[in-house]
Structure formats: C-alpha cells, structure tokens
Amino acid sequence: MMVPDKNEQDHKLDILTIGDMVDKAIVHLALGKEIGKLSLQKGVFLYLLSISAKRNFDFKKVAQMAGFEPYKLGPFSEFIEGELELLKGYNEIYISDNGENAKVKSSQAIASKYKLDKDEEEILKDVKFLIDKLTPLELAFYVYFNPAIKRSIRDYFTSKSEIKEKFEKEKLKYVRALKEKKVIDDEMADMIIYG
C-alpha cells in the first residue's frame, strides 16, 4: 500500500474540514462531563496534533487554519471560541457561563451525530484521559514540556506564555503529579526534567 505524501494529503485540508475536525473534538471531549475552556483548548490542540501525525497532515498548516497562536497560557485559538458559540447556538453543546471559568458539556445524543472513525476515536479517548486526569494547569504543563511534541512546536506556541517561567521553577512538582496520575513514565519524566 502506498502512503500519500504530505502535499497530497494537505490539498484535502480546507477551513470546512478543519471546522469539522474541531467540532468533533469539542463535542466528544465535552461528552458526559463539563470541561473548562483552558482544558478544551489544550485538548483540541493535542487532538489536531495527533490526528495530523496519523493522517500525514502538515500540523503547522492545520494549527494555522484552526487559528492556534501563542498566547499567555500557551496555544490558544479564537476559531475554537467561535466554534463554541456556533455549537451553542445550534444547541449542540451547553456552556455554563460566558466568563473565563465557563464549562462546556455535550450529550450522547449530540455526540452520536458527530461520527468518529477508529483513529479519531482512539486519539480522542487518549486526550479525554488526559483532560479527566489532569488539572487545567497540569494539562498546560504537559503541552509545554511533552518530549513527544516537536520542540519547535512547543517553543513557538509557548513563546508568549505568562506561566512558562512558573512551570520551569516548579517542573519537579508537575512531573511528580503527572507520574502519580500515570500520565508519564520514568523515562518521559527524565526527558522533561533533563531534556
């Protein structure tokens, strides 16, 4: 079987495709449990990163089309905020309030309308595990320092961060928390601490 190259795959990407990918991620990540917007932003970012790797998409192009930019808490997308408002308007999700502490939730009935293939299901299951296990700041730390994410991507999306210095100073505390929650193993912990 021949694997399509990036250029061949990337021509399939347009704003509608990206919007569908983002909507699926939002609806399925918010299924059954309220999720804060910070965790949702990081979850969608990790989902797009993973699905891009799986499907041989250029992640930089995907992230740009999904509106991700470096921001004070790491990768952030106004596009996702817009999709949240659209989904809320269509009664596809519930948002608890419009403030910074807003929580998003969807239902099984709605999620069933956003069908997932095997890869999407597997990736969203992994991302949901992270969101369920980690506090929003622990999840942000995971995105900032995960050695499985290319350093150039991590560096770019944390370049305007207001919390990176705090994370650097408290790296051992966060690594310990991620290990205790079985999100990372000893090898990954060492890579984060010494890498």
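In the chain, with Lys and Arg counted as +1 and Asp and Glu as -1 at Cβ, which of these residues, Leu13, Gln41, Phe145, has the Cα nearest the positive end of the dipole, that is, farthest along it?
Phe145
Calculate what fraction, in whole %, of the accessible area of the chain sits on carbon and sulfur atoms when a 1.4 Å probe is rolled over the protein chains.
Of all accessible area on the chain, carbon and sulfur atoms account for 52 percent.
Averaging over all projection directions, find the projected area of the Cα convex hull of the chain and quote it in nm² with one decimal place.
Projected area, direction-averaged: 11.5 nm².
Taking a temperature of 25 °C and a viscosity of 0.890 mPa s, what whole-number D in µm²/s does Stokes-Einstein yield for segment 8-118 with Rh from Kirkwood over alpha carbon pairs?
173
Charges only on Cβ, +1 for Lys and Arg, -1 for Asp and Glu: so what's the dipole of segment 1-125 about the Cα centre, in debye to the nearest 20?
340
Please say if segment 95-165 is rounded, prolate or oblate, where rounded means a/c under 1.5 for a ≥ b ≥ c the square roots of the C-alpha gyration tensor eigenvalues, and otherwise the choice is prolate for a/b larger than b/c and oblate otherwise?
Since a/c reaches 1.5 but b/c is at least a/b, the shape of segment 95-165 is classed as oblate.
Asp186 to Tyr94: FRET efficiency via 1/(1 + (r/R0)^6), r the Cβ-Cβ distance, R0 30 Å, to the nearest 0.05?
Here the calculated transfer efficiency is 0.15.
The values are calculated or read from the model by the stated rules, or taken from the named source; none is laboratory data. None of the values given here were measured: they were computed from a predicted structure. Quick reminder, even Gly has a Cβ in these numbers, built from the backbone with ideal geometry, and neighbours come from all protein chains shown. Note: areas computed on protein heavy atoms with side chains; ligands, DNA, RNA excluded. Shrake-Rupley method; radii C 1.70, N 1.55, O 1.52, S 1.80 Å.
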